[in-house]
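Derivation of every value follows stated rules applied to the coordinates shown; laboratory data play no part. Everything numeric in this text was worked out from a predicted model, so none of it was measured. Virtual Cβ from ideal backbone geometry, glycine too; neighbours counted across all protein chains shown.
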Amino acid sequence: MATIVETKNLTKAYGGLIAVNKLSIKVEEGEIFGFLGPNGAGKTTTILMLLGLTEPTSGSAVVCGFNPTREPIKVKQIVGYLPEHTGFYEELSALDNLWYTARLNGIRTEEAQKRIEESLQLVELRDVANRKVETFSRGMKQRLGVADVLIKKPKVFIMDEPTTGIDPDGVHKMLDLIVSLSREHKITVVLSSHLLQQVQRICDRVAILVRGRMVAMGAVDSLGKEIRGRDKYIFELQLAETQPAILDAIKTIDGVTGIEKSGDLTLIRSVADVRPQIARKVFEMNGSLLHLKAQDYALDEIYMKYFRGAA
């Protein structure tokens, strides 16, 4: 698989403040890659350097084979950018805004018509295309921003906090749209966010940034295994009535390393999948099992581990 975005020791300093500190990443073609971190972590600064909108202090970046600093026009021709706050002519319709973008990019009328219709259909705004943008919700404007970028058929789509300020239904539509861009339309997506669950839902890999420095990078499950160490599994157990004798019996199961309470649940840590043995112990001791499942690797667990480690 080809590398689409690569940085080597990419650094940006503003006086004595280092906004991005020796960032080295590779983003593969077709994947959804997320920059995760709190405000001020360096996510937006990194994006601006990838787009050629600000120059690095040191290090390098390559996007689709081009250097954003030396070849910013070429990068902008093949890379789409959705900022946190989209900018449209509010008094114009969605359709008029898209036609304006098509003309700016020198797209012929017949081809522009086709691309506009396809883009509006993809972002589910075809029925409101003639409405003024000023009447759109935040989520609708963000989806229109996606349509606007798709007009030029980018190879890479960079998004800065694409779901901030959107209602739950709008978030759902935006996340599904991002996945569709990657899986169905083969567009490489790079996004920044501080919203853990959303990043976990759609990203193939994440880079966690803290104070300008990357503290971890990889697939969510890989990062989860790394921080959990030998306890590869955490199981959620809920009984109709929690009995100490049952919990003591579960502790004797080979592979179980620890048990702790978490609200109504009992969390069981283990080096192996011992759910059948747990269920058997509960039934042997006449317990009533309400809930037993393996806990997913939670990105907030991963994030807080690395965040605390870098603080």
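Of note:
- Backbone N atoms of region 122-137 closer than 18 Å to the 7 Å Cα→Cβ label point of VAL179 belong to residues 122-124.
- log10 of Debye I(q)/I(0), alpha-carbon scatterers only, for region 120-236 at 0.10, 0.21, 0.23 Å⁻¹: -0.38, -1.23, -1.38
- Signed unit charges on C-beta, dipole axis of region 41-102, positive-most listed residue HIS85, PRO72, VAL62: VAL62
- Cross-link partners for LYS12 among the lysines, with Cα-Cα distance under 25 Å and sequence neighbours closer than 8 places in the same chain left out: LYS22, LYS26, LYS43, LYS74, LYS76.
- Sum of side-chain charges, ALA249 neighbourhood, beta-carbon under 9 Å (Lys, Arg +1; Asp, Glu -1): 0
- Rounded tilt (10° steps) of 109-122 against the dominant C-alpha axis of the chain: 20 degrees
- Close amide-amide hydrogen proximity is noted between MET214 and ASN21, each under 5 Å apart and 5 or more residues distant or on a separate chain (H modeled in the peptide plane; Pro and chain starts excluded).
- Residue-by-residue Karplus 3J(HN,Hα) for region 63-68, coefficients 6.51, -1.76, 1.60, Hz, glycine and proline x: 10, 6, x, 10, 8, x
- On a per residue basis, the convex hull of the C-alpha atoms belonging to region 3-218 measures out at 118 Å³.
- Ranked by the mean number of other Cβ atoms within 10 Å of their residues, highest first, the peptides 174-182, 32-40 fall in the order 32-40, 174-182.
- Lys/Arg +1, Asp/Glu -1 at C-beta; the chain dipole; positive extreme among GLN113, MET49, ILE32: MET49
- By the Cα gyration tensor, region 229-296 has an equivalent ellipsoid whose semi-axes, rounded to whole angstrom, run 17, 13, 10 from largest to smallest.
- Stretchable slack from ALA2 to ASP248, in nm (0.36 nm times residue separation minus alpha-carbon distance): 83.3 nm
- Using the Karplus relation 6.51 cos²θ - 1.76 cosθ + 1.60 with θ = phi - 60°, the per-residue 3J(HN,Hα) values for region 83-94 come to x, 4, 10, 6, x, 10, 7, 5, 7, 9, 6, 4 Hz, with x marking Gly and Pro.
- Centre separation in Å (Cα based) which lies between region 40-109 and region 142-171: 13 Å
- Nearest-ten-degree value, helix 168-183 long axis tilted from longest Cα axis of the chain: 80 degrees
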